[in-house]
Amino acid sequence: MDNTSLLVTLSIALFALGLLGVMIRRNALVMLMCMELMLNGVILSIVAFAARTATVSGTVLVFLVFVVAAAEIAIAIPIVLQLSRRRHTLDVSAYGELKG
Amino acid sequence: MNWPLILQSMLPEHLLLAGMLAILGLEIWSGRSRDGHALAVVAVAAAGIAALWLHATGFSAAPFAGHYSVDPYTTLPKAVLLGLALPVLLISRDDFAETPYYTLVLASLYGACLVVSSDSFLTLFLGLEILSLPVYALVVLGFLRPQSAEAALKYLVLGGAATATLLMGMSFLYGWNGSLELAVFGDAVLAGEPIALAGAALIIAALFLKAAVVPLHAWAPDAYEGASAPVTAYMATVVKAGVVFAALRVIGTTTLTPPVLGLVALLPLVSMAWGNLAAIRQTSFRRMIAYSSIAHAGYLFFAFLGAGAGRWEAIVFYVVAYGLMNLLAFAALPRGADDERQDRLDALKGLHRRRPAAAAMLAIAMLSLAGLPPLPGFVAKFLVFRNVVEAGHTFYAVAGLVASYLGLYFYLRVIQYLYMGEPEPSAARGQPRRLAFAASALCLAPAVLLTFFPGWLLDRL
């Protein structure tokens, strides 16, 4: 196994772990962390591919992903704060007013 | 850098940006909360007119080669999106008077325009994020009910997962080909190598999640119900249309082949059936619209089964017909004493006695969304299914038609409420609002035009 495929395997594992967490964890903050884990998996795979193909556009994309991830969290944290003030818990299953 | 060219080709975007900055600047400068409504309406109308003007003159240019280009195939969707946003802004006056709402809507529209013009996955990704990030905030902005924040969190987490999925797909295609151009998607589907196919499938799954196609639809009913009415109208029309135009940009005229074809045929089919069935047992108007929009996402993605040339026509016509009718329903919806009561389907009982014009407009909207002739919704569905049949997928077309007519039941139930139920004695006898009236006229006039002369629009596509 060469370096690229090792890194890409690792990135897929991170991505899958994050996806699993988003689906099964019930703590709002842990769900957000898992979402970040998915994005970090993606960043690793883009960087690995950018190094292998020796192109710049992938590296530029990585910086944009950083910015977007930060913006997403900047919107998410106030929403989580609103929720925890109202309900005094971060457990998503305790909210349960919405049916899904 | 060719500044005049950039200025002209990005004119709709620049006008939106100018409106956004003007609203913010005025508030900062005057030092108090201001009403941004008029400025926002002017900015969106100006941007829409600019897009139409670029379309009419057949303008085409690539100010940022390989990333952003403008031609008649991009200016028309921009004009459609901005045109659909105008009635949304008109009906938001009563719910939102403060500045943040209008800034967020303009920012989101900027993203929608960027998506439509994107040539590379880089621009597409940025556009989709600028389109959806303000909407997370919009859902929670009104805070009319305790559920709003939960709905926004659910939407945000699943939206973030969709973004990560899209990026993973992009990175696979990038690793396969070393390029971020949108054209790589078509090559990947045709090449049939595992990594390329995985990338294509991930990108399609992400677009399905953003457009709420079953089984990736869980966020939509909650977000639509938790948000206030104008925001729901915005999500159901402009955001959905933006995502479908993004899919059109990515898939383009590529003929889909089996592994990917199965994904694009089966999930939308399930989406139509499930959306229409689940809508039947809803008691909230916005939840019902959410399930209806899940079904409509299915029809829209079904258009990709057809041949490359017919897709553009079918999708643009469908988006226009569906968007206008959805907005007509929201504009005609009477105001209740509070948000909870206004949203109940029971509140529509006997509306015919109280407000015959509003009842008639709601009825027209429901019949068109159900796809009954001669309304535009029928022509739109006909175009989609005709293309699917012509491409040789008769089985999918028949199954889709069966699933689509499951939806008749709940659309007709609304009409039954409107015309047959007895009004509750406590029902508010709200007066029709001037701006809502303008918004419904703005939707009704083109809808009537499309009912009698569908060929007029089709000739121009």
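The values are calculated or read from the model by the stated rules, or taken from the named source; none is laboratory data. Bear in mind that the values here come from a model prediction, so they are computed numbers and not experimental data. As a convention, Cβ positions derive from the backbone with ideal geometry for all residues, glycine included, and neighbour counts pool all protein chains shown.
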Run B:LEU114 past the list (1) more than 10 Å from every other protein chain (Cβ to nearest Cβ); (2) over 18 Å from the mean Cα position of the chain (by Cα); (3) more than 22 Å from A:MET38 (Cβ to Cβ) and report the number of the one that doesn't hold.
(2)
Considering only the stretch B:118-130, state which residues are touching a residue at least 60 places away in the same chain (Cβ under 8 Å) and part of a helix (DSSP H, G or I).
B:PHE121, B:LEU124, B:GLY127, B:LEU128
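Would you mind finding the one in B:ALA307, B:ALA295, B:ALA359, B:ALA303 that is farther than 29 Å from B:PHE208 by Cα and touching a residue at least 24 places away in the same chain (Cβ under 8 Å)?
Working: B:ALA307 fails: farther than 29 Å from B:PHE208 by Cα; B:ALA295 fails: farther than 29 Å from B:PHE208 by Cα; B:ALA303 fails: farther than 29 Å from B:PHE208 by Cα.
Going through B:ALA307, B:ALA295, B:ALA359, B:ALA303 in turn, the sole match is B:ALA359.
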All but one of (1) within 30 Å of A:LEU6 (Cβ to Cβ); (2) assigned to a helix (DSSP H, G or I); (3) modelled with pLDDT under 90 hold for B:SER179; state the number of the condition that does not hold.
(2)
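With chain A as the region, which helices (runs of 4 or more DSSP H) entirely inside it contain at least 2 residues that are more than 8 Å from chain B (Cβ to nearest Cβ) and modelled with pLDDT of 90 or more? Before the answer, list the steps.
Working: elements: A:3-24, A:28-53, A:57-87, A:92-95.
Correct list: A:3-24, A:28-53, A:57-87.
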Residue in the stretch B:341-357 that is under 19 Å from B:LEU408 (Cα atoms), within 20 Å of the chain's Cα centre (by Cα) and in a helix (DSSP H, G or I) present
no
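Go through the stretch B:133-153 residue by residue and tally those that are of a type outside the set (Val, Ile, Thr), at the interface with chain A (Cβ under 7 Å from one of its Cβ atoms) and assigned to a helix (DSSP H, G or I). Break it down into steps so the answer makes sense when it comes.
So in the stretch B:133-153, the residues of a type outside the set (Val, Ile, Thr) come out as B:133-134, B:136-138, B:141-153.
Next cut, at the interface with chain A (Cβ under 7 Å from one of its Cβ atoms) only: B:133, B:136-137, B:146-147, B:149-153.
With assigned to a helix (DSSP H, G or I) added as a condition, the list becomes B:133, B:136-137, B:147, B:149-153.
So the answer is 9.
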Restricting the search to the stretch B:91-108, which residues are in contact with a Lys or Arg (Cβ under 9 Å, 6 or more places away or on another chain) and assigned to a helix (DSSP H, G or I)?
B:ILE91, B:THR99
Name the single residue that is nearest to B:LEU131 (Cα to Cα) among those in the stretch B:173-194 being at the interface with chain A (Cβ under 8 Å from one of its Cβ atoms) and crowded, with 23+ Cβ neighbours inside 10 Å.
B:LEU180
Subset of the stretch B:195-209 that is surrounded by 24 or more Cβ atoms within 10 Å (Cβ to Cβ) and at pLDDT below 90 - its residue that is farthest from the other protein chains (Cβ to nearest Cβ):
B:ALA200
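Take the stretch B:108-137 and flag every residue that is charged (D, E, K, R) and at pLDDT 90 or above.
The first filter runs over the stretch B:108-137 and keeps only residues charged (D, E, K, R), leaving B:119, B:129.
Listed by number, the list holds a single entry, B:GLU129.
How many of the residues in the stretch B:8-32 are assigned to a helix (DSSP H, G or I) and under 21 Å from B:SER60 (Cβ atoms)?
We begin by selecting, within the stretch B:8-32, every residue assigned to a helix (DSSP H, G or I); these are B:8-9, B:11-30.
When the remaining residues are screened for being under 21 Å from B:SER60 (Cβ atoms), the result is B:8-9, B:11-16.
Counting residues in the stretch B:8-32 that are assigned to a helix (DSSP H, G or I) and under 21 Å from B:SER60 (Cβ atoms) gives 8.
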